[in-house]
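Here's the structure we're looking at; comments come further down.
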Amino acid sequence: MKALQDGLLVWAPMEGWVKAIAYAGCAYLVMDLVSSFLTRRITQLSQHTKSRIDDVVAAALAGTKRILIMIAAILIGLHNINFSAKTETWLQHLLVIVVGLQIGIWLNRAISMWMEKIVDPSTDPALRNRATTTTMIFLLRVTVLLTVLLTVLANLGINITAFVASLGIGGVAIALALQNILSDLFASLSIGLDKPFEVGDFIIFDDLMGTVEYIGVKTTRLRSLSGEQLIRSNTELLKSAIHNYKRMSERRVVFAFGVTYETPIEQVGQLGGIVRDIITAQQQTRFDRAHFQKFGASSLDFEVVYYVLSPDYNLYMDIQQAINLELMKACAARDISFAYPTTTLHVASEIRLAQPAAPGNAASPTPIREAKE
C-alpha cells in the first residue's frame with residue numbers, strides 16, 4: 001500500500017488525487033443520471049407517438065455503456081492533475097477514443113432501429129425483404145464506422161489525407177470493375193426503400209407476370225401462373241413499367257355486347273336499364289354506366305362499365321359469369337337476339353339469260369329477279 005501511495009505521490013500530491021477522484025465521481029454521477037433520465041423520458045414518449053424519430057433516439061440512448069461513462073469520468077478527473085504535456089496528450093487521446101466508441105454504439109443501434117421501422121411492422125416477418133434490409137444495414141454500418149474511425153484518427157493528430165485519397169481511388173476502381181453488380185445492388189436498395197412491390201405481390205411487367213417469391217441483392221424471382229420460376233435482374237426490372245395487382249382495392253370492368261338490327265327501338269332503349277338491374281343485383285359490385293355505344297358492322301353495340309369491390313380475380317370471374325347468364329335470360333325473355341357477324345348481298349338489277357328460240361319464233365330473254373343471299 002505504501003509503495004502505491006509513494007508511486008501516486010510521484011505523479012501528483014495527495015490533494016490532487018483527492019480532487020481528481022471527486023471530479024471523476026461527480027462527472028460519472030451527472031453523466032449517468034442525465035443518460036438514464038433522457039432514455040426513460042424518450043422511451044415513454046415513443047410509446048405514445050407514431051413517429052420513428054423518438055423510437056430511434058430511445059433505442060440509441062439505451063445503448064449507453066456505463067463502463068465507457070466510468071472511463072470518461074476518470075479521464076475527466078485526471079485532467080485536473082498537472083501532468084506532463086505528453087501525459088496530458090495521451091489522456092486527451094484516450095478521452096477521444098472513448099467518446100468515439102460510445103458514439104459508434106449509439107449510431108449502430110440507431111441504424112438497426114431505423115431499418116426495423118422501414119420494414120412495415122404489420123408485415124409477416126417471413127415476407128420481409130431480408131436481403132435488402134441486411135445489405136442496407138451493412139453499408140450504413142460500414143459508413144458510420146469509417147466516419148467514426150477517421151474522426152478519431154484526425155483528433156489523435158494522425159494525417160488521414162493520404163488514407164482518404166487511397167480509399168477514393170480504390171473505390172473508383174472497384175466501382176468500375178463491379179459496375180453491373182453495383183447497379184443491381186443499388187436497385188435492390190431502391191426496391192427495399194421505395195417498395196414498388198413486396199414478396200407475395202402479383203405483378204406484371206413487359207410480357208411477364210407472376211407472384212414475387214424473393215427479392216435478392218442482384219435478382220428478383222417470381223412464380224408464374226404456369227408454375228415456372230421467372231428470374232429478372234433488379235436493374236432491368238425497375239426499368240420496366242410494373243403493374244402491381246396486389247395493391248388494387250377494386251377492379252374496374254368494361255365489357256361489350258351487341259344485338260341485331262332487327263331489335264325494336266323501344267327494347268334497345270330498355271337494355272341499359274336491364275343491364276343496370278342485373279349488375280346491382282350482384283353482391284360486391286358498383287354499377288357505373290351502360291350505354292348504346294355505336295352502330296356496328298352487323299350489330300347494335302352496347303358498352304357496360306361496373307366495379308368489383310374486391311381485387312380477387314376469381315370473384316370477378318364469378319360475377320361476370322353471373323351477369324352474362326342473367327343477360328342471356330333477359331334477352332331470351334324479350335325475344336332479343338345477340339348479333340353475330342353476317343353478310344347480306346344485294347343484287348342491284350335483273351339479269352336476263354337468252355333462251356333457245358323455238359322454230360319460227362325470235363329468241364327472247366328470260367328475266368331473273370333480284371337474288372339475295
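Here are the numbers:
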read-out	value
Hits in segment 75-89 - residues which are modelled with pLDDT under 80 and open to solvent by 40 Å² or more (accessible area, probe 1.4 Å)	His79, Asn80, Asn82, Ser84, Ala85, Lys86, Glu88, Thr89
Number of positions in segment 22-80 that are touching an Asp or Glu at 6+ places or on another chain (Cβ under 9 Å), in contact (Cβ under 8 Å) with a residue 12 or more places away in the chain and of a type in the set (Val, Ile, Thr)	4
Residues being in contact with a Leu (Cβ under 9 Å, 6 or more places away or on another chain) and either under 18 Å from Glu266 (Cα atoms) or of a type in the set (Phe, Trp, Tyr) (or both) - total across segment 301-326	1
Within segment 41-83, tally of residues that are β-branched (Val, Ile, Thr), within 30 Å of Ala20 (Cα to Cα) and within 44 Å of the chain's Cα centre (by Cα)	3
Residue match in segment 191-206 (condition: within 30 Å of Leu101 (Cβ to Cβ) and either out of contact with any Pro (no Cβ under 6 Å at 6 or more places or on another chain) or at pLDDT below 80 (or both))	yes
Condition check for Ile191: within 24 Å of Asp312 (Cβ to Cβ) and under 17 Å from the mean Cα position of the chain (by Cα)	no
Checking Ile97 against (1) open to solvent by 60 Å² or more (accessible area, probe 1.4 Å); (2) without any contact (Cβ under 8 Å) to a residue 24 or more places away in the chain, the condition it does not meet	(2)
Residue that is hydrophobic (A, V, I, L, M, F, W, C), assigned to a helix (DSSP H, G or I), farther than 16 Å from Val254 by Cα and modelled with pLDDT of 90 or more, where the choices are Ile279, Ile274, Ile319, Ile336	Ile274
Candidates Ala72, Ala59, Ala27, Ala22 - the one that is of a type in the set (A, V, I, L, M) and surrounded by fewer than 15 Cβ atoms within 10 Å (Cβ to Cβ)	Ala22
Subset of segment 305-333 that is of a type in the set (A, V, I, L, M) and within 30 Å of Thr211 (Cα to Cα) - its residue that is surrounded by the fewest Cβ atoms within 10 Å (Cβ to Cβ)	Met317
Residue within segment 34-52 that is of a type in the set (Gly, Ala, Ser) and under 22 Å from Thr143 (Cα atoms) present	no
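The values are calculated or read from the model by the stated rules, or taken from the named source; none is laboratory data. In this text, all values refer to a predicted model and were calculated from it rather than measured experimentally. Cβ coordinates were reconstructed from backbone atoms using ideal geometry, including for glycine residues, and neighbour counts include every protein chain displayed. Remember, those area values only see protein heavy atoms, side chains included, never the ligands or the DNA or RNA. Shrake-Rupley method; radii C 1.70, N 1.55, O 1.52, S 1.80 Å.
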